[in-house]
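Chemist: Below are the C-alpha cells for one structure; questions will follow.
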Amino acid sequence: MASATQVRQYLAYWFQLGKKVLIGNGQEALLPVPVLKSDQYSRQFEDCWQRITSPESGDCYLEGTSETIAELLTPEWEIIQCARCPMPLAIRTVGMPAASCACHDLPNWPNTEIPMPREPVSSQNHLNSIRHRLLAVHSQEEKDEDNGAESKNPPAVVIPLELPVCHNACHSHPISSDQLAAN
C-alpha cells in the first residue's frame, strides 16, 4: 500500500518534470511552482496537496495516467521505481498493472543531461551525515593503526568535531582581499 508520504513524493517528482494534476474530473489542471523550498515542500505544493486530497475536488489524477490519487492511497496500489527511468511509478498490487509509466509521454525522457527530480534536502543534515561517515572511516583507521595493521591509505585529514553553523552573517559583511591576506 502506498502511504500518503509516498504519494506526495510521487507527485512532487512528476511536478518537477512539468506534469500536472487534473482535478475536478479533469476540469482544472494544477502545477505548483516551485515544488521545493530549501529542505521542505513549498507552500504552493502544500496548497496543491490540500486541494487534491479535498473531497470537493472530485477525481484527481496525474496527467498521462488513469489511476486517481484517491486510488493510489488504497491497499491496491504501491509506488516503486520505474524500470525505464529513476522516477516513482504507481503499480497495482493485485490485478492488471497500469497501462504505462507516467513518463511515456515526456519527449526525450529519461534525460541524464538535466538534474533529476528530488526530495527536499536539509543541507545541514546532509553535511552532518557526510561528516559522520568521514569520522567513522577515520576512527576505523585509528583502530587499525592501534592494532598494528598497516594502513594502505594516506593519513586521514583531521576533521573538527564541531562544525560552525553559518547564519548568513558572513554574507552581509563582504571581506576584502586585503583582509583575507592579513588572516
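The values are calculated or read from the model by the stated rules, or taken from the named source; none is laboratory data. The shown structure was predicted, so the numbers you read here are calculated from the model rather than taken from an experiment. Note: ideal-geometry Cβ built from the backbone for every residue, glycine included; neighbour counts use all protein chains shown. Accessible surface areas use protein heavy atoms only, side chains included; no ligands, DNA or RNA. Shrake-Rupley method; radii C 1.70, N 1.55, O 1.52, S 1.80 Å.
Chemist: Decide, for the stretch 1-108, between rounded, prolate and oblate: order the square roots of the alpha carbon gyration tensor eigenvalues as a ≥ b ≥ c, take rounded if a/c falls under 1.5, and otherwise choose prolate if a/b is larger than b/c, else oblate.
Modeler: Numbers: a/c = 1.42, a/b = 1.20, b/c = 1.19.
In terms of gyration-tensor shape, rounded.
Chemist: Could you compute the net charge surrounding Trp77? Neighbours are other residues with a C-beta less than 11 Å from the C-beta of Trp77; K and R count +1, D and E count -1.
Modeler: Details: positive: Arg92; negative: Glu67, Glu71, Glu76, Glu78.
Once positives and negatives cancel, what remains is -3.
Chemist: Under 1.5 on a/c is rounded, so check that first for the stretch 24-65, then, if it is not, pick prolate when a/b is larger than b/c and oblate when it is not; a ≥ b ≥ c are the square roots of the alpha carbon gyration tensor eigenvalues.
Modeler: Details: a/c = 2.83, a/b = 1.83, b/c = 1.54.
Note, shape of the stretch 24-65 comes out prolate.
Chemist: Taking amide H positions as placed in the peptide plane 1.01 Å from N, state which residues far from Lys20 in sequence (5 or more) or on other chains have amide H under 5 Å from it.
Modeler: Long-range HN contacts for Lys20: Glu63.
Chemist: Heavy-atom accessible area of His138 with all protein chains present, probe 1.4 Å, nearest 10 Å²?
Modeler: Result for His138: roughly 50 Å² accessible.
Chemist: What net charge do the residues around Phe45 carry, taking every other residue with its C-beta under 10 Å from that of Phe45, with Lys and Arg at +1 and Asp and Glu at -1? Present the calculation step by step, with values, prior to reporting the outcome.
Modeler: Working: positive: Arg8, Lys37, Arg43; negative: Glu46, Asp47.
Net local charge, Phe45 excluded: +1.
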